[in-house]
Amino acid sequence: MKKKHYKPSDSALKQTRTTEEAPSSLNPRLAQQRRKRASGTKSVEELVDGILQQDRIALAQAITLVESSNPKHQETAQSVIEACLPHSGNALRIGVTGTPGVGKSTFIESLGQYIIEQGHRPAILAIDPSSQLSKGSILGDKTRMEKLSQDNAAFIRPSPTGGSLGGVARKTRESILLCEAAKYDVIIIETVGVGQSEISVHAMVDFFLLLILPGAGDELQGIKRGIVEMADLIAVNKADAERIKLAKQAKRAYTNALHLFPPKASQWIPPVHTCSALEQAGLSEIWASVQAFETQTKANGFFNQQRQQQALDWFRESISQQLGRIFYEHPAVQKQLPEMETAILEGRLSSFQAAGRLLSLFVNY
């Protein structure tokens, strides 16, 4: 039998070199996929046309650009928003909040399915909490809203908070405008239900809905008074099986408590309903109250006044964000910032003194 001779190219050394020269990524196709997606990015005109034609892919791509921190992406996103702005503003914006575990995602899915049956097109912007350590987020709302995500009349977009105040995605407002331009007539924003997120969401919606649980201890002390005061409707969720009696007790407690609060500027008296998102019970009463609120506040002028005030708030916040970006990108600030941080850590300067010096350097540069 003839002995086989191995060529140098067949040696283990050659195999080792091949391994060393391989891409460092665990998925060699990942870079190729990213390049393909980048090369397939639509132009501003294509994105705007797609959004106005109710193309969900174009809408998703535009929102991705809005959320990107890449300066080029931001420039494109702003052009898209400006073109879509005249086509926005015609949707009803609803904020949904509640403590974790109250069933917000299930409730929103059930409500979304119900209003689709009424002839509406809902867009759900679910704010997903980002880790302050890894900056990662779960973005699991499409899996939690499985049925609704398969309906062509609905659009679901989970967005990471990016560590912004209150857990609200920094670009949620721009995403609302894009969804409205795509002719979604009900925009539902789900908060993470922690800290200041409710206040931030309340400042960008027309109607604020608070979900609570039945039998979760002292009903009135379990939720902050300020959150209850902001609510336009309180829904006691999971009112099913053995919890129906507890849900009715919670409804009575909140109905009595709401009478002690000062009247709202909208002249709207917030109702309290019980519901079961799992069994899709009580949704018709809740949606009827939402529609009654819209009718009443549009008639007395509050609806438009609130929208105008929100536009001013967005304007001022945009200035603050852009000033912050310009400040940190300033070459003199970038040069002195590490030194100031070191001085603070070593106790040579207070935080206020260091900030004052950097601001003075920025203004007088």
Task: All positions within the stretch 265-280 that are among the small types (Gly, Ala, Ser) and touching a residue at least 60 places away in the same chain (Cβ under 8 Å) - done: ALA277
- [ ] Scan the stretch 293-336 for residues that are aromatic (Phe, Trp, Tyr) and more than 18 Å from ASN364 (Cβ to Cβ) and jot them down.
- [x] PHE293, PHE302, PHE303, TRP314, PHE315
TODO: Count, please, the residues in the stretch 52-105 that happen to be surrounded by fewer than 21 Cβ atoms within 10 Å (Cβ to Cβ), of a type in the set (Lys, Arg) and touching a strand residue (DSSP E or B) at 6+ places or on another chain (Cβ under 8 Å).
DONE: 1
Task: Count of residues meeting criterion [hydrophobic (A, V, I, L, M, F, W, C) and out of contact with any strand residue (DSSP E or B) (no Cβ under 7 Å at 6 or more places or on another chain)] in the stretch 275-290 - done: 6
Open item on the list: Checking the condition modelled with pLDDT of 95 or more, in a helix (DSSP H, G or I) and assigned by TED's automatic domain parsing to the domain that holds GLY101, which residue from GLN306, GLN296 passes?
Closed with: GLN296
TODO: Considering (1) touching a residue at least 12 places away in the same chain (Cβ under 8 Å); (2) surrounded by fewer than 16 Cβ atoms within 10 Å (Cβ to Cβ); (3) under 25 Å from the mean Cα position of the chain (by Cα), say which one PHE293 fails and leave the rest.
DONE: (2)
- [ ] Look through LEU258, LEU283 and report the one residue that is over 18 Å from ASP206 (Cβ atoms), assigned by TED's automatic domain parsing to the domain that holds LEU111, buried (at least 16 other Cβ atoms within 10 Å of the Cβ) and at pLDDT 95 or above.
- [x] LEU283
Task: Every residue from the stretch 239-251 that is out of contact with any Gly (no Cβ under 6 Å at 6 or more places or on another chain) and either assigned to a loop (DSSP other than H, G, I, E, B) or surrounded by 17 or more Cβ atoms within 10 Å (Cβ to Cβ) (or both) - done: ALA239, ASP240, ARG243, ALA247, ALA250, LYS251
TODO: Output yes when any residue across the stretch 348-358 is within 24 Å of SER69 (Cα to Cα) and either surrounded by fewer than 12 Cβ atoms within 10 Å (Cβ to Cβ) or in contact with an Asp or Glu (Cβ under 6 Å, 6 or more places away or on another chain) (or both), and no when none is.
DONE: no
Task: Filtered residues of the stretch 68-95 (kept if more than 30 Å from ALA235 (Cβ to Cβ) and either in contact (Cβ under 8 Å) with a residue 12 or more places away in the chain or not in a helix (DSSP H, G or I) (or both)) - done: SER68, SER69, ASN70, THR76, ALA77, SER79, VAL80, ILE81, ALA83, CYS84, LEU85, HIS87
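The values are calculated or read from the model by the stated rules, or taken from the named source; none is laboratory data. Since we're looking at a predicted model, the values are computed, not measured. A quick note on method: Cβ atoms are made from the backbone with ideal geometry, for glycine too, and the neighbour counts reach across all protein chains shown.
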